[in-house]
Amino acid sequence: MAQPYSDKVMDHFMHPRNVGEIENPDGVGKVGNPICVSANTLILGNSDMQEIENIEIDKKVLGHDGKYHKVLKNYKNDYNGKLFSLQVHNLGITQTTPEHHILALKTSPYVYKHKAYKNLKPDWLCAEELEKGDMILYPIPKETIDIDFIKFDIPKPKWDYKSKVLPSTIEINDDFLRLAGYYLSEGYVRTQKCKGTLGFVFHEKEIVYLTDVIFIIKRLLGLEPSNIRNQHNSCVLEFYSARLARFFERAFGKGAANKTIPHWMMLLPEEKQKPLLCGLWRGDGCINNESAKYVTISKQLAFQIRQLLLRQKMIFSSLTTKAHGIHKESYSIYVKEDKSIKKLAEIIGTEINRKPNKKSPIKSWFDDNYFYTPIRNIEVSDFKGKVYNLEVEDCHSYVSSALSLHNCGDIMEMQLKINDGVILDAKFRTFGCGAAIATSSIATEMIKGKTLEEALTLTNKAVAEALDGLPPIKMHCSVLAEDAVKAAIDDYLKKTTGKGLPGFKPHEEPLEEHGH
Amino acid sequence: MVPFLHGGGQEKNRRASTENVPDIVGMGVACEMAIEEMAAEALRETALRDKLIKGILDRIPDVILNGHPTNRLPNNVNVAIKYVEGESILLNLDMMGIAGSSGSACTSGSLEPSHVLLAIGLPHEIAHGSLRLTPGRQTTDDDINYVLETLPPIIDKLRAMSPMYKKGK
């Protein structure tokens, strides 16, 4: 096997110094995951999309395997250094620290040599290793739960004797899913005490969709429209049913900015999701020979539609713009790529006439598990403030609005025996690769017998140099070692003086210990 | 019809140049040997494989055999060793003259464990501790004994170092 390490690293790895635990240690430092993203990074969860700073323990988030996994910890770090802002084609921007591992394909050395791509293997690469033109791997949501019926379990209001009998279950069929799409785009509800209205507003040119809604509701629920009227250029269709209105409010939200697709619908088999997309696009979307576009002011809905399109393996691009009027932002999703727009037209049930495209260079593509799309630009900036990282069960990764991110699994524990400001003994335990073990071993040697002040001057660079260097991808191990020493001294000072190390900001602090 | 290779007039001008004769002969000899020895060699290696699997499972606690106990290649041993990391097992084995491969390709610069192991349902941290050993034609019974003597102390040493491992758990 190729030896990636210096003799010094191998010596400390094979014969680690000071392994184990100290009885009644004076200071203990535990570190891991020295990698982070900025606080407003949007993380895909199992029912919504949230800023990383708001993600709670036990919430499930999407992993790079396309499945949902539990969040075990949310780390918050004070950070002062470079932040890499990766702008990904089609998907958007995510900011990370330089060492954060991102699932990618190193294609930038092979521009216009697409045949060479098939010999490349995807890998977790540091943000600072990535370049413009490298391909990001973005997971296709994989979890599927098929449901045939849902309960219509809205109780009848107390004084309601005259309302029509509604079925107790609703079949999850093409009709219902298309209706859901129509509601999410064009529907509204008014819910009062025992009155309620489910309404739809269609443009006068879309009377055919309005008719579709009338027939679907007739077939599914046996209800006739209560009111159809013209209003400006639109046509309004209303059903007076308190229970129906509440059902739609509960399932899909009320008001255009709050509409969401229920999570169980996001898990339906992709074939069943086609009528949902059909209803959605007929409502708030448009399609012509050149491109298709969907516009919404609901952030959640916009991301959910992206997930639906990923499942259909349709290439899209998304754009956030300032909206007119009272709304803050509006979200547009475009489908332009030849195959994708044809697929979409088929789903919507319209015909488009596209001239065969001139051969354009491959920009994005799908395989069975991932959407591959290039990095368009990387900007580096200085940042001072909080950064975040998640620990995720099983798959150790999570997905932002633009990247698949890894939470690296090295864990290092440093224990110190301290007397009169001098480190009498230091011991460590480390789970990890050769470099992780060697750096912790040499760090204990370098601080033993030293005063606390001296030990605090230990830098990760000094650790790496003492080992005659580390491979670049293993440099983060030396950062761990430096942090472990500082964290242990910080712990000691907190125990003895009640105050932590002045000026020391641990690279991470678990949120559940300090945040609540 | 366009020639496959241009140049000499071999194969009626359709495939220029002389064929790779040594490889063709080699392939023939390899097939000959396989026909003669494959059945017996597979049996011999299956025995070594099973001895190695049983030995590892008996001597090291918290080990999972990856894959089916018997429906597997005659020469494939693949185990997940909990609480330790693949690269550190490999480096240690390498120092003792044993060549293996790991569930994680840590040394190759990748931090991602084997996608096959993940696909058969192992969680990441356990897939990271996976070890593959493959006996071959030159492997002897003594070699297996040597591995079985060498591996357990290595795992003990690494587990003693691992904060994830708690004795008696």
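The values are calculated or read from the model by the stated rules, or taken from the named source; none is laboratory data. Since the model is a prediction, treat every value here as computed from it, not as a measurement. Cβ: placed from backbone, ideal geometry, glycine included. Neighbour counts: every protein chain shown. Heads up: the accessible areas ignore ligands, DNA and RNA and are worked out on the full protein's heavy atoms, side chains in. Shrake-Rupley method; radii C 1.70, N 1.55, O 1.52, S 1.80 Å.
Quick look at the values:
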| quantity | calculated |
| --- | --- |
| Every residue from segment A:183-206 that is farther than 19 Å from A:E171 by Cα, assigned to a helix (DSSP H, G or I) and modelled with pLDDT of 90 or more | A:S185, A:E186 |
| Those residues of segment A:437-464 which are more than 16 Å from A:K486 (Cα to Cα) and either modelled with pLDDT of 95 or more or touching a Leu at 6+ places or on another chain (Cβ under 7 Å) (or both), in sequence order | A:A438, A:A464 |
| Hey, A:K339 in a loop (DSSP other than H, G, I, E, B) and basic (K, R) or not | no |
| Hits in segment B:44-100 - residues which are closer than 23 Å to B:M161 by Cα, of a type in the set (S, T, Y) and not in a helix (DSSP H, G or I) | B:Y83 |
| Search result, residues across segment A:122-138 that are open to solvent by 20 Å² or more (accessible area, probe 1.4 Å) and over 18 Å from A:L83 (Cβ atoms) | A:P122, A:D123, A:G133 |
| Tally of residues being among the charged types (D, E, K, R) and part of a loop (DSSP other than H, G, I, E, B) across segment A:80-138 | 7 |
| Residues located in segment A:91-127, provided they are in contact with a Lys or Arg (Cβ under 8 Å, 6 or more places away or on another chain) and within 14 Å of chain B (Cβ to nearest Cβ) | A:L105, A:L120, A:D123, A:L125 |
| Residue within segment A:161-179 that is in a loop (DSSP other than H, G, I, E, B) and under 21 Å from A:N377 (Cβ atoms) present | no |
| Failed criterion for A:L416 (all others in (1) at pLDDT 90 or above; (2) farther than 20 Å from A:I102 by Cβ; (3) within 14 Å of another protein chain (Cβ to nearest Cβ) hold) | (3) |
| Search result, residues across segment A:302-335 that are open to solvent by 20 Å² or more (accessible area, probe 1.4 Å) and of a type in the set (K, R) | A:K313, A:K322, A:K328 |
| Given (1) part of a loop (DSSP other than H, G, I, E, B); (2) surrounded by 15 or more Cβ atoms within 10 Å (Cβ to Cβ); (3) more than 29 Å from the chain's Cα centre (by Cα), number of the condition A:P141 does not satisfy | (3) |
| Of all residues making up segment B:125-169, the number that are in a loop (DSSP other than H, G, I, E, B) and either away from chain A (no Cβ under 14 Å) or modelled with pLDDT of 90 or more (or both) | 9 |
| Some residue of segment A:87-107 being modelled with pLDDT of 90 or more, open to solvent by 10 Å² or more (accessible area, probe 1.4 Å) and hydroxyl-bearing (S, T, Y) | no |
| A:N288, sole failed condition from (1) buried (at least 19 other Cβ atoms within 10 Å of the Cβ); (2) over 16 Å from A:L177 (Cα atoms) | (1) |
| Residue within segment B:39-48 that is on the phi > 0 side of the Ramachandran plot, out of contact with any helix residue (DSSP H, G or I) (no Cβ under 8 Å at 6 or more places or on another chain), among the small types (G, A, S) and open to solvent by less than 80 Å² (accessible area, probe 1.4 Å) present | no |
| Scope segment A:247-275; condition in a loop (DSSP other than H, G, I, E, B) and either open to solvent by 10 Å² or more (accessible area, probe 1.4 Å) or touching a Cys at 6+ places or on another chain (Cβ under 9 Å) (or both); matching residues | A:G253, A:K254, A:G255, A:T260, A:P262, A:L267, A:P269 |
| Residue list for segment A:211-231, filter: over 17 Å from A:K156 (Cα atoms) and in contact with a helix residue (DSSP H, G or I) (Cβ under 9 Å, 6 or more places away or on another chain) | A:D212, A:V213, A:F215, A:I216, A:I217, A:R219, A:L220, A:E224, A:P225, A:I228, A:N230 |
| Selected residue (only one of A:I136, A:I140 is more than 14 Å from every other protein chain (Cβ to nearest Cβ), touching a Phe, Trp or Tyr at 6+ places or on another chain (Cβ under 8 Å), under 21 Å from A:N377 (Cβ atoms) and not hydroxyl-bearing (S, T, Y)) | A:I136 |
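Residue by residue, here is whether (1) over 19 Å from B:P135 (Cα atoms); (2) at pLDDT 90 or above; (3) surrounded by fewer than 18 Cβ atoms within 10 Å (Cβ to Cβ) holds:
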position: B:D23; (1), (2), (3): yes, yes, yes
position: B:M27; (1), (2), (3): yes, yes, yes
position: B:E32; (1), (2), (3): yes, yes, yes
position: B:K54; (1), (2), (3): no, yes, yes
position: B:L57; (1), (2), (3): no, yes, yes
position: B:N71; (1), (2), (3): no, yes, yes
position: B:G97; (1), (2), (3): no, yes, yes
position: B:S104; (1), (2), (3): yes, no, no
position: B:E112; (1), (2), (3): yes, no, no
